[in-house]
Amino acid sequence: MNNLTPELDRLGDALERAAERDVAGARTQRQRRSRRLALAAVAVAVAIPGLAFAADRLIGGPEVARSLPAGTRALAGTNPSCTAVVQDVEYHCVLERPPAPEVADWKGTVEPTVDATKHVNGGCRSLTSDGLEWQCYIGRAAVDQQIVGAGFLGEYAPSPGVG
């Protein structure tokens, strides 16, 4: 093997250098990917509690009133007004006009609420057959009240639900 022609010797050296570059590039790429994933995990870990805290502090009667028809098309144009029962958690809402007649008896009907960012932020339960009075719950309280599922809370809802 020591009698290789100079051309084969150069070819072997070139292949060896190319293989070293490939291995080094793959290692660098894995390191970059690992760093990006770590930074993303840190960002999520900081952002989620921050968003939850901000959302908790920004919920009031007017926001809940806007979120009720944003969650269900049958409640569009009903002009709810809501007052806090337990601030940032539970609200009592009264509609100015009855909801659409697609439900014969609204009492006990549950509907999601959708915030200004078009995400499900809670839900409400009708207290009366005519659908004029609702008890609304924000966040985890809506899950505890079995109005929305835990997996549905926070989901993107670009338009009011139908049916």
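The values are calculated or read from the model by the stated rules, or taken from the named source; none is laboratory data. Since this is a predicted model, take the numbers as computed values, not measurements. Glycine gets a Cβ as well: all are built from the backbone with ideal geometry, and neighbour counts include every protein chain shown. To get the accessible areas, we keep the full protein, side chains included, count just its heavy atoms, and leave off ligands, DNA and RNA. Shrake-Rupley method; radii C 1.70, N 1.55, O 1.52, S 1.80 Å.
Run the accessible area of segment 114-163 with a 1.4 Å probe and give the carbon-and-sulfur part as a rounded percent. Ligands and nucleic acids excluded, carbon and sulfur reach 54 percent. Close amide-amide hydrogen proximity is noted between residue 72 and 161, each under 5 Å apart and 5 or more residues distant or on a separate chain (H modeled in the peptide plane; Pro and chain starts excluded).
For segment 57-115, taking the reciprocal of the average inverse distance between every pair of different Cα atoms yields a Kirkwood hydrodynamic radius of 11.8 Å. Among 143-150, 112-119, 16-23, the peptide with the highest mean count of other Cβ atoms within 10 Å heads the list, and the full ranking is 112-119, 143-150, 16-23.
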